[in-house]
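One structure is given here, and the rest of the page talks about it.
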Amino acid sequence: MKDLKVKRLIANLGTLLLLTLSICLVSCLNRIIESPSVVLREIILSPSSLKEANLLIGLDVQNPNRFDLTLKSFEYTLFLDDKEIGTGHMEKEILVPSLSTTQVQVSVVAKFKDLAGSLTTIITGHDVPYKIEGKASIGTSFGSREFTVFKDGRTNQIKL
């Protein structure tokens with residue numbers, strides 16, 4: 001009888017220890033996973049109607065971790081010349097291998113009236129200030145995590 005109580009106590013302590021370790025691992029996930037960085041490679045502008053254009057945004061997603069990441073979701077807003085051009089979201093999950101860069105293409109539907117101020121700069125080939133803001137979710141074998149995306153700069157890599 002006494003041996004049975006000791007075995008149950010040891011089993012309960014083992015379960016409690018595993019639960020505590022699991023909680024610690026999940027809470028340390030932010031320290032384990034480094035957020036990937038996003039770099040704007042190009043923007044391809046193609047008219048889709050008389051009022052709207054489709055912007056294909058080429059991004060390089062860099063994974064600084066020693067393990068693969070899956071980019072599960074990405075919702076973003078694109079700004080050109082400090083004006084909101086449009087929003088979008090990624091259609092499918094993308095695998096980003098460890099310590100590498102993966103090219104990703106996302107799209108934004110923009111109205112020509114929103115692009116009006118930037119079009120002259122784009123056509124003349126001058127640098128256009130841009131900003132991409134959003135939220136992304138990544139998954140790993142350790143769990144999932146959300147992070148904020150913010151990238152700004154200047155580009156002349158806008159193709160018509």
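Each value in this text was obtained by applying a stated rule to the coordinates, not by laboratory testing. Nothing here was measured: the structure is a model prediction, and the numbers come from that model. Here Cβ is always computed from backbone atoms with ideal geometry, including for glycine, and neighbour counts include all displayed protein chains.
Some points to look at:
- Annotation: extensible slack from R66 through K5 equals 17.5 nm (criterion: 0.36 nm per residue apart, minus Cα-Cα distance).
- Per-q log10 I(q)/I(0), the chain, q = 0.15, 0.18, 0.19 Å⁻¹ (Debye; single scatterer per alpha-carbon; no solvent): -0.83, -1.05, -1.12
- Largest first and in whole Å, the equivalent-ellipsoid semi-axes of segment 73-160 read 29, 14, 11, each the square root of five times a Cα gyration tensor eigenvalue.
- Neighbourhood net charge (13 Å Cβ-Cβ; Lys/Arg +1, Asp/Glu -1) for F79: -2
- Normalised by the number of residues in the chain, the average gap of Cα pairs under 8 Å and 6 or more apart makes the relative contact order 24 percent.
- C-alpha long axis of helix 112-124 to longest principal axis of the chain, angle in °: 70 degrees
- Near L95: Cβ cut-off under 11 Å, other residues only, Lys/Arg at +1 and Asp/Glu at -1. The net charge is 0.
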